[in-house]
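What follows is calculated from the coordinates using simple rules that are stated; it is not laboratory data. Please read these numbers as outputs of a predicted model, since none were measured by experiment. Methodologically, a virtual Cβ is constructed for each residue, glycine included, from the backbone with ideal geometry; neighbour enumeration extends over all protein chains shown.
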Amino acid sequence: SDAGAAYQPSMTTLGALNLEIPGRREGDPVMTQEEYNIGNKIYFERCAGCHGVLRKGATGKPLTTDITRDVGYEYLRDFITYGSPAGMPNWGTSGEMSEEEIDIMARYILLDPASPPEFGMAEMRETWKVLVAPADRPTEKMNDIDIDNLFSVTLRDSGQVALIDGASYKIHAVIDTGYAVHISRISASGRYLFVIGRDALVNMIDLWMETPATVAQIKVGSEARSIETSKFKGFEDMYAIAGSYWPPQYVIMDGDTLEPLKIKSTRGMVYDDQSYHPEPRVASIVASHFNPEFIVNVKETGKILMIDYSDIKNLKVTEIEAERFLHDGGFDSSKRYFLVAANARGKVAVVDTKDSTLTALVETGGQTPHPGRGANLMHPTYGPVWATSHLGDETVALIGTDPEGHPDNAWKVVQTLYAQGGGSLFVKSHPTSEHLYVDAPLNPDAEISGSVAVFKLGDLAQEEPEYTVLPIVEWAEIGEGQPRVVQGEFNQEGNEIWFSVWNAKDLESAIVVVDDKTLELKAVIKDPRLITPTGKFNVYNTRADVY
Ligand code: DHE
C-alpha cells in the first residue's frame with residue numbers, strides 16, 4: 001500500500017557523515033567526492049530504510065554491486081525514475097528527485113556501499129555525560145507535580161519533549177532531546193524518564209527535580225528507535241537498554257547514570273534460512289515482569305532475544321525463532337505474554353515471558369499489522385483479547401489471549417473489525433474503558449486521517465459492529481494545513497484519552513482530550529511550544545504497561 005511505503009524507516013543522520021568513496025573497480029562509473037556525498041545523503045535519507053545501510057535488502061530488494069552491475073546504469077536510472085508496482089516509489093515522475101539526482105543515484109549504487117562507522121564502547125563513552133551526579137540529585141520529590149499522571153509528549157520536529165500535566169493540561173517543562181525524537185519510557189519507580197532520538201541520543205530526565213531536567217545523556221549509535229528500563233522485582237531502576245538501527249546492536253546502561261556497561265551486536269543469521277545478515281536492526285524493546293529480562297526484537301533476522309540482566313558479566317541470551325520483520329508490540333492484560341508484529345509476514349508473534357518460549361505465530365488476516373503497544377479488551381463473547389490495526393487495510397484483528405480461561409480462542413483471531421481505512425498506526429483502550437479507539441494518520445483521505453474510529457466493547461457481540469467517528473481535527477479548530485490525528489493515550493485514571501493533532505512544523509498543532517465515557521470533546525491543548533506533537537506517554541500507563 002502507499003501508506004506502507006511511506007512508513008518505511010528513513011535514515012536521518014548517516015547522510016550527514018562524509019564517507020569516502022570505496023575503492024573504484026574497472027568499469028565503475030566515475031564520481032566526484034562531491035557527487036558521492038550527495039548520493040550518500042540521498043541514499044541514507046530515502047533508500048536505506050528499505051534497502052539497508054549495506055544494501056543487503058530488507059523490505060526493498062538487495063542492491064549489492066553484483067546485482068546493480070548486472071542490470072547496469074540505464075536500468076537503474078529508469079527504475080528509480082518510474083518505480084515499480086512492488087513498492088519502489090517513482091522518485092522521478094513524482095518530482096521528488098531531479099534528473100541530475102537520479103543520475104547520481106544510478107551511478108552511486110554501482111559503487112560498493114560505504115560502510116558507516118561502528119559505535120563501540122570508546123565512542124559511546126566519549127558522548128556520555130552525567131550532568132547531575134546521583135549524589136547531587138534531590139533525595140525527595142521537589143515539586144508538586146502528580147508524576148503518575150504526567151504525559152511525556154514527543155515534539156518530533158523540534159527535537160523536544162513536553163511534560164504536560166494530566167489534570168490541569170499545564171506544560172510543566174519542554175526539554176531538548178535528540179533529533180526527530182521518537183519514544184519515551186519510564187523507570188519502574190516512576191522517577192526517571194528516558195527519551196531516545198532517531199540520532200540515537202538518549203536523555204535521562206529526573207522528574208523529582210523542582211523543574212524536571214536532563215541529568216544524564218549518551219549517544220548509543222547513529223540511528224536508533226527504542227529504549228526501556230529494568231522492571232523486575234529487585235531490579236527496579238537498575239538498568240536501561242537502548243537498541244539501534246545503526247550500528248545494529250543494543251547497549252545495557254546503568255540506570256542511574258546511563259554509563260554504558262555492555263554492548264551486544266545483533267549481526268548474525270536469519271532465523272529460518274540461516275543466511276548471514278550484516279544489519280539486523282533493533283526494533284521494539286520491553287522489560288519482562290516475570291523475569292529479570294529485556295525482550296529485544298530484531299527486525300531482519302526475525303529473532304526475539306530474551307536478555308537476562310541478572311548477571312550482565314556472564315550474559316545469558318535466549319534466542320527465540322519468530323518471524324520477520326519484527327517491529328512493534330505490547331503485553332496482553334496479564335503482562336505474561338508479549339505480542340509483536342512481524343510486519344513483512346502479516347503475523348503477530350507471541351512470546352511467553354514466564355518461560356521465555358515462543359507461544360504462537362498468529363496470522364492476522366490483514367496487511368502489515370501495526371499495533372503500537374496494542375490494546376487489551378474484555379470481549380463480551382471471547383474474553384480477554386488483544387487488538388492490532390493494520391497499515392495496509394481497514395481491519396483490526398482481535399486475538400484471544402487467555403489460554404486458561406478461554407483455551408479455544410487463545411492465539412487465534414477471534415474477530416475482525418472494519419474501521420475507517422488503511423494507514424492506521426495505533427489502537428488504544430484502557431482496563432476501565434468500554435471503548436476501542438483506532439487512528440489512521442497515514443490514510444490519504446484527509447477526513448479519515450483527521451478523525452478516529454471508536455468501537456463500543458458491548459457491540460463486539462455483533463458480527464459486524466459499527467463504529468462512531470470522532471472528528472478530532474475539526475474539534476481542534478486549526479486554521480491552516482492538513483494535520484493528522486495520531487496515537488491515543490489514556491490518563492492514569494482511564495477516563496480521558498488524548499490524541500495528537502500533528503500538523504507541519506511551521507503550523508499550529510494541538511492535543512485533543514476526549515471524555516472516554518461520553519465520547520465528547522473535553523479540552524484542546526494549544527501552545528506555541530507544541531510543535532509537531534506525535535507520541536504521548538502517560539507515566540503510570542507506560543511504566544506499568546497498562547493499555
Ligand atoms: Fe515509530 C514506536 C520504529 C516512524 C511514532 N516505532 C516504534 C517502535 C519502533 C518504531 C521500532 C517500537 C519501540 C518500542 O516499543 O521499543 N517508527 C519506527 C520506524 O522505523 C519508522 C517506521 C520510520 C522512521 O524513520 O523512524 C517510525 N513512528 C514513526 C512515525 O513517523 C511516528 C508516527 C511519529 C513520530 O513521532 O516519529 C512514530 N513510534 C511512534 C510512537 C511509538 C513508536 C508514538 C510508541 C507507541 C506506543 O504506544 O508505545
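Rounded to the nearest 500, the 222 nm mean residue ellipticity of the chain from helices alone is -3000 deg cm²/dmol, with -39,500 (n - 2.57) taken per DSSP H run of at least 4 residues.
Here the contact order of the chain, divided by its residue count and restricted to Cα pairs under 8 Å and six or more residues apart, works out to 9 percent. Taking the longest Cα principal axis of the chain as reference, the axis of helix 99-108 is set at about 80 degrees.
Computed from phi, the 3J(HN,Hα) profile of the range 499-504 under the Karplus parametrisation 6.51, -1.76, 1.60 (θ = phi - 60°) reads 10, 8, 9, 9, 9, 4 Hz, with x in place of Gly and Pro. Given R₀ = 41 Å, FRET efficiency for Leu519-Glu210 by Cβ-Cβ distance, to 0.05? Rounded to the nearest 0.05, the efficiency is 0.60. Take the Cα of Val132, step 7 Å toward its Cβ, do the same at Asp28, and the gap between the two points is 5.1 nm.
Put a dot 7 Å past the Cα of Arg267, heading toward its Cβ, do the same for Glu447, and the two dots end up 5.3 nm apart. Remark: the Cα gyration tensor places the range 334-409 in the oblate category, a/c being 1.5 or greater and a/b not exceeding b/c.
Note that the range 527-542 has calculated 3J(HN,Hα) couplings of 6, x, 7, 7, 9, 6, x, 10, x, 10, 10, 6, 4, 5, 4, 6 Hz, one per residue in order, obtained from phi through the Karplus relation 6.51 cos²θ - 1.76 cosθ + 1.60 (θ = phi - 60°); glycine and proline are x.
Angle of helix 33-42 to the longest C-alpha principal axis of the chain, folded into 0 to 90 degrees and rounded to 10: 30°. Is the chain rounded, prolate or oblate when judged by the Cα gyration tensor, a ≥ b ≥ c being the square roots of its eigenvalues, rounded requiring a/c under 1.5 and prolate requiring a/b larger than b/c? Rounded.
Working from label points 7 Å from Cα in the Cα-to-Cβ sense, the Asp459 to Arg125 distance is 6.0 nm.
Against the main long axis of the alpha-carbon atoms of the chain, helix 73-82 sits at an angle near 30°. Cα centroid separation, the range 419-473 to the range 515-547: 16 Å. Per-residue 3J(HN,Hα) values for the range 411-426, derived from phi via the Karplus relation 6.51 cos²θ - 1.76 cosθ + 1.60 with θ = phi - 60°, read 6, 10, 6, 8, 7, 10, 9, 10, 9, 6, x, x, x, 7, 10, 9 Hz in sequence order (x marks Gly and Pro). State whether the range 126-219 is rounded, prolate or oblate according to the following rule on the C-alpha gyration tensor (a ≥ b ≥ c being the square roots of its eigenvalues): a/c under 1.5 gives rounded; otherwise a/b larger than b/c gives prolate, and the remaining case gives oblate. Oblate. The distance from the alpha carbon centre of the range 347-405 to that of the range 259-334 is 19 Å, rounded to a whole number.
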